[in-house]
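First up is the structure itself, then whatever we jot down about it.
What follows is calculated from the coordinates using simple rules that are stated; it is not laboratory data. For clarity, every value in this text was computed on a predicted model and none was experimentally measured. Virtual Cβ from ideal backbone geometry, glycine too; neighbours counted across all protein chains shown.
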Amino acid sequence: MKRKACKKCKMFVEGDTCPTCHEAQFVTNWKGRLNVVDANKSEIGKKIGIKVKGEYAIKVS
Ligand SMILES: [Zn+2]
């Protein structure tokens, strides 16, 4: 089964709500994966607005 990503912040979520923005809207139709270890040092992370470390989908639809 494909993992689900938060529609708002694009973080991969295991539970029912996103731990970062507390949204419950997810997409399974995502592309690319990005593991952000340090949000302040990640250029691509800045580009898509990541502020918290974690694993993200690069593109969701
Ligand atoms: Zn989120």
If you count, for each residue, the other Cβ atoms within 10 Å and average over each peptide, how do 5-11, 54-60 line up from highest to lowest? 5-11, 54-60
Please compute the length gained on full extension between Val52 and Asn35, using 0.36 nm multiplied by the number of residues separating them and subtracting their Cα-Cα distance. 5.0 nm
Estimated 222 nm signal from helices in the chain, with DSSP H stretches of n ≥ 4 weighted -39500 (n - 2.57), rounded to 500: -1500 deg cm²/dmol
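Under Stokes-Einstein, with the Kirkwood radius over Cα pairs standing in for Rh, what whole-number D in µm²/s applies to the chain at 25 °C and 0.890 mPa s?
Taking Rh from Cα pairs, D becomes 216 µm²/s.
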